[in-house]
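This report concerns only the one structure given below.
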Amino acid sequence: MSRPTPRTATGALLLAGLVLLGGCADPADDPRTPPAASAPENMRYCPAPMEPPLAPGTPCISQDPDQKYAENHGYRRQTELTPQERAGAQGAAERLGRTLRGLAAKPAGEDEIRAAAAAALGLSPQDVEYRAGAPGPGGLPRDIALGGGTGKVCVNGLIGTDGTATAEVTGRTLDGTCLPGLGGH
C-alpha cells in the first residue's frame, strides 16, 4: 500500500474543499440577488394566441399591441369630472368658444390669442396653455389649441384648419396639463 505524499494529500484536500464549498452556496441567499419573480432575465413575453400557453401563474410581459398603446398613452387620459364640475365650467367654455370664433376671422398672434382666452376663462395669460400650427391664408390663426382651468377642471379650445372654433370642458390630464401631450416619448 502506498502512502500519499504530503503534496498529493494537500492537493486532494484542497480540491475536496472547493467542491464542497461550491456545491453549498445558494445564489438566492445573497442579499444582492433580486427575487426570482422580479428578475428581468426570468420574465418572458406572453405567448401569442397561436403559441402554446405558459403554465398558470407564470408572469409574462404583454405583447398585445392595443394594451401596449394604451399603456404608452396613459399620460393623456383625463381625470373624471362630476356632472356638477362639468356644468360649473360650461359658461367658461361658451365664452371661450365665442372669443375663439371672433379671433378665427382676423389675423392674431399668440399674445393676443392668449390674452383673449385668459379673459374668457378668468385666468392670467401665462396660465393658458397654447399650441399652434402654421398660420393660414392672410395670417389668420389656424390649428391653435389652448386650454386652461383650475383644479382638475379644464376648458380647452381649438381654432381648426378650416377656421371653425370650438371649446369644451375636459378633465386635466394625468400629466397635469389641460392640453393632451403630443406623444413621441
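Some values worked out for this structure:
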read-out	value
In the stretch 79-119, the residues that are closer than 18 Å to K152 by Cβ and small (G, A, S)	A87, G88, A89, G91, A92, A93
Residues (modelled with pLDDT of 90 or more, over 24 Å from the mean Cα position of the chain (by Cα) and in a loop (DSSP other than H, G, I, E, B)) located in the stretch 144-178	G160, T164
Condition check for Y69: at pLDDT below 90 and aromatic (F, W, Y)	yes
Tally, over the stretch 124-141, of residues that are in contact (Cβ under 8 Å) with a residue 12 or more places away in the chain, open to solvent by less than 50 Å² (accessible area, probe 1.4 Å), farther than 19 Å from P180 by Cβ and under 31 Å from the mean Cα position of the chain (by Cα)	1
Q63 vs. criteria at pLDDT 80 or above, surrounded by 12 or more Cβ atoms within 10 Å (Cβ to Cβ) and not hydrophobic (A, V, I, L, M, F, W, C)	no
Members of the stretch 155-175 found to be open to solvent by 40 Å² or more (accessible area, probe 1.4 Å), farther than 26 Å from G138 by Cβ and not aliphatic (A, V, I, L, M), listed by number	E168, R172, D175
Single match in R95, R114 (criterion: open to solvent by 40 Å² or more (accessible area, probe 1.4 Å) and within 29 Å of the chain's Cα centre (by Cα))	R114
Residue within the stretch 100-111 that is open to solvent by less than 70 Å² (accessible area, probe 1.4 Å) and assigned to a strand (DSSP E or B) present	no
Flag for A93 being of a type in the set (A, V, I, L, M, F, W, C) and without any contact (Cβ under 8 Å) to a residue 60 or more places away in the chain	no
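The values are calculated or read from the model by the stated rules, or taken from the named source; none is laboratory data. Source: prediction; values computed, not measured. Backbone-built Cβ (ideal geometry, glycine too); neighbour counts: all protein chains shown. Only protein heavy atoms, including side chains, enter the accessible area calculation; ligands, DNA and RNA are left aside. Shrake-Rupley method; radii C 1.70, N 1.55, O 1.52, S 1.80 Å.
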